[in-house]
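First up is the structure itself, then whatever we jot down about it.
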Amino acid sequence: MPVKTSTRLTLPHRPRRLRRSDAIRSLVRETRLSPDCFILPLFVVDGDGVRNPISSMPGVFQMSVDEAVKEAGAAQADGVPGVILFGIPSSKDLVGSQASDPEAPVQSAVRALKRDVPGLLVITDVCLCEYTSHGHCGIVEGEEILNDPTVGQLVQAALSHAAAGADFVAPSDMMDGRIAAIRQALDEHGFEQTGIMSYAAKYWSAFYGPFREAADSAPQFGDRRSHQMDPANVEEALREVETDLAEGADIVMVKPAMTYLDVISRVKQRFNVPTAAYYVSGEYAMLKAAAANGWIDEERAMMESLMAIRRAGADIIITYFARPAARLLRQ
């Protein structure tokens, strides 16, 4: 005859006790995600009443200043504390001169947002790729991007953003020495309170494709491997972050986010400073495409992705999902 055995185990710990209900799971949750972690990217163009859909990024638009103000106000109402602005000028040239024009879309949007959306945190991307006719991040000689002349242009752009009222300027170009040069110029011109959010570890990534449609910034020749980081390297990222902090960065960023969670974690553990991560256009577009095909649950995948970035160590998440995620978190 078969021997009867008890099905009740004697265990010192039963981890499942802490997973029994929503209330218990919430009580012991290790990583907290909240709307005040999010920054919403906005693409600003000239004109009025403009809201051009971006085909590769469903739910994202190029907007005129008036529409950007509406979007930012709605985001703030959802609980999102701030935006980061990218400008698409009506004309471009070889040196990106429109980047520092006080009447360009970004500068105009900063003034309007500060006037019409009180309390909103306004960050501005500082780069030349949206402003150059060749689509590269700096001044080009032959096929080489010139570091120091480019830094000079970036300084002028940052000053114009600060003069418009930006809370933070965010250099994304990956030129050497640009943080020190921008910090010095801001201080010398009376903008000591304007912060710098540095794209300190920005990788040469395949996941920027949809952004280049949104910002009309695809390079006309070559690529960006000479200044953006090799995806194989993490120790280099730590050196870049250390350098930018020494030069005056207030917040450092890792970009992209989902495919560089290990880098986010290493940066946070090593430096323990305010750390941002950019959940980039390609990462967003892949999730949206899979959801549109019914392959994944969009809301669950969105929240799981954002939680992973937060769990890795990011204090700030720049994401096109900022508004829907904030609404879910406030339910």
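The values are calculated or read from the model by the stated rules, or taken from the named source; none is laboratory data. What you see is a predicted model, and the numbers here were worked out from it, not measured in a lab. Neighbour counts run over all protein chains shown; Cβ positions are idealised from the backbone, glycine included. Note: accessible area is taken over every heavy atom of the protein model, side chains too, but ligands, DNA and RNA are not part of it. Shrake-Rupley method; radii C 1.70, N 1.55, O 1.52, S 1.80 Å.
Taking the criterion of being outside any helix (DSSP H, G or I) and under 17 Å from the mean Cα position of the chain (by Cα), would at least one residue in the range 16-26 satisfy it?
First, pick out the residues of the range 16-26 that are outside any helix (DSSP H, G or I): 20-21.
Cutting the leftovers down to under 17 Å from the mean Cα position of the chain (by Cα) gives us none.
No, that holds for no residue.
Evaluated against (1) within 25 Å of residue 274 (Cβ to Cβ); (2) of a type in the set (D, E, K, R); (3) without any contact (Cβ under 8 Å) to a residue 60 or more places away in the chain; (4) open to solvent by less than 50 Å² (accessible area, probe 1.4 Å), residue 78 falls short on exactly one condition, (3).
Sub-8 Å Cβ pairs linking a first residue in the range 306-325 that is more than 21 Å from residue 291 (Cα to Cα) to a second residue that is surrounded by fewer than 22 Cβ atoms within 10 Å (Cβ to Cβ) and small (Gly, Ala, Ser), at least 6 apart or interchain, are 312/265; 313/265, ordered by first then second residue. Has the range 148-155 got any residue that is crowded, with 19+ Cβ neighbours inside 10 Å, under 19 Å from residue 316 (Cβ atoms) and at pLDDT 95 or above? So far as the range 148-155 goes, no, none of its residues is crowded, with 19+ Cβ neighbours inside 10 Å, under 19 Å from residue 316 (Cβ atoms) and at pLDDT 95 or above. Just one of the listed residues (45, 95) is in contact with a Ser or Thr (Cβ under 8 Å, 6 or more places away or on another chain) and farther than 18 Å from residue 214 by Cα, and it is 95.
Listed by first and then second residue, the pairs with beta-carbon distance under 9 Å, at least 6 apart or on different chains, first residue in the range 84-96 and on the phi < 0 side of the Ramachandran plot and touching a residue at least 12 places away in the same chain (Cβ under 8 Å), second of a type in the set (Gly, Ala, Ser) and in a strand (DSSP E or B), are 84/170. Inspect all residues belonging to the range 265-273 and state whether any of them is more than 25 Å from residue 85 (Cβ to Cβ) and either touching a residue at least 60 places away in the same chain (Cβ under 8 Å) or under 17 Å from the mean Cα position of the chain (by Cα) (or both). Yes: one or more hits.
State all residues of the range 86-103 that are charged (D, E, K, R) and at pLDDT below 90; if no residue qualifies, say none. Can you show your working first?
We begin by selecting, within the range 86-103, every residue charged (D, E, K, R); these are 92-93, 101, 103.
If the condition is that a residue be charged (D, E, K, R) and at pLDDT below 90, then 92, 93 are the ones that fit.
Within the range 275-297, the presence of a residue that is surrounded by fewer than 20 Cβ atoms within 10 Å (Cβ to Cβ), closer than 30 Å to residue 193 by Cα, touching an Asp or Glu at 6+ places or on another chain (Cβ under 8 Å) and not small (Gly, Ala, Ser) is excluded.
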